[in-house]
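Everything on this sheet refers to the single structure shown next.
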Amino acid sequence: GDYTWEETSEHLIIKIPWRCKSLKKASIFLTDVILRISHPPSYILDLNLLKKIDEVASRAIYKDHTLHIKLIKLVKGDTWGRLNFEGEKVKLTKRRDDSIRRREERLATYMDKLREKKKEEEKMSLRKQVRK
């Protein structure tokens, strides 16, 4: 892919020139070791990252016809030196699949917590109404 990147002790910045007219159809898929950017019908970037990142704290910003992806390193102070994890296809696939499974588990846990919070708020609201 056509991109540049740089790293600090705490994060990585990936800059991708954006030639498409809009970001509306763009898709950014991020896990702790996967970054996949597509704009149907094609993939723009598909990386199996060297090490883990904090997918929740990481951000994408579009400015000056460039997509800036800021990936927050999970281990601060760790120098990567390169973006891609290298290995046999079987190992890459397993690593990708494991990462997607971890993401789905984190998302399910998050959704459970949201549902529980909503139930608690509804109970509190009902109690306040009953007290009136």
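For segment 75-132, just say rounded, prolate or oblate: build the C-alpha gyration tensor, square-root its eigenvalues into a ≥ b ≥ c, call rounded for a/c under 1.5, and beyond that prolate if a/b exceeds b/c, oblate if not.
oblate
When the Karplus curve 6.51 cos²θ - 1.76 cosθ + 1.60 is applied with θ = phi - 60°, which whole-Hz ³J(HN,Hα) does each residue of segment 29-38 get, with x for Gly and Pro?
3J(HN,Hα) across segment 29-38, in whole Hz: 10, 9, 10, 5, 9, 10, 10, 10, 10, 9.
From the protein chains alone at 1.4 Å, what is the descending order of accessible area for Ser27, Ser58, largest first?
Details: Ser27 55, Ser58 10 Å².
Result of the area sort, largest leading: Ser27, Ser58.
As a test of reading the structure, rank Lys113, Lys76 by solvent-accessible area (1.4 Å probe, protein chains only), most first.
My answer, sorted largest first, is Lys113, Lys76.
Mind checking which lysines have their Cα closer than 19 Å to the Cα of Lys117? Skip sequence neighbours fewer than 8 apart in that chain.
Lys128
Sort segment 2-126 into rounded, prolate or oblate with this rule: let a ≥ b ≥ c be the square roots of the eigenvalues of the Cα gyration tensor; rounded if a/c is under 1.5, and if a/c is not under 1.5, prolate when a/b is larger than b/c, oblate otherwise.
Since a/c reaches 1.5 and a/b is larger than b/c, the shape of segment 2-126 is classed as prolate.
Determine the per residue accessible area of the chain with all protein chains present and a 1.4 angstrom probe, expressed in square angstrom.
72
Calculated FRET efficiency, Lys15 and Lys113, Cβ-Cβ r, R0 41 Å, to nearest 0.05?
0.75
Sort Ile44, Ile16, Ile72 from largest to smallest accessible area, using a 1.4 Å probe on the heavy atoms of the protein chains. Mind showing how you got there, number by number?
On the way: Ile44 50, Ile16 5, Ile72 30 Å².
Ranked list, largest accessible area first: Ile44, Ile72, Ile16.
Too long at a 22 Å Cα-Cα cut-off: which of Lys15/Lys73; Lys24/Lys70; Lys24/Lys73; Lys25/Lys70; Lys25/Lys73; Lys15/Lys51?
Over 22 Å Cα-Cα: Lys24/Lys73; Lys25/Lys73.
The values are calculated or read from the model by the stated rules, or taken from the named source; none is laboratory data. What you are looking at is a predicted structure, and each value in this text was computed from that prediction instead of being measured. Here Cβ is always computed from backbone atoms with ideal geometry, including for glycine, and neighbour counts include all displayed protein chains. SASA here: full protein model, heavy atoms, side chains in, ligands and nucleic acids out. Shrake-Rupley method; radii C 1.70, N 1.55, O 1.52, S 1.80 Å.
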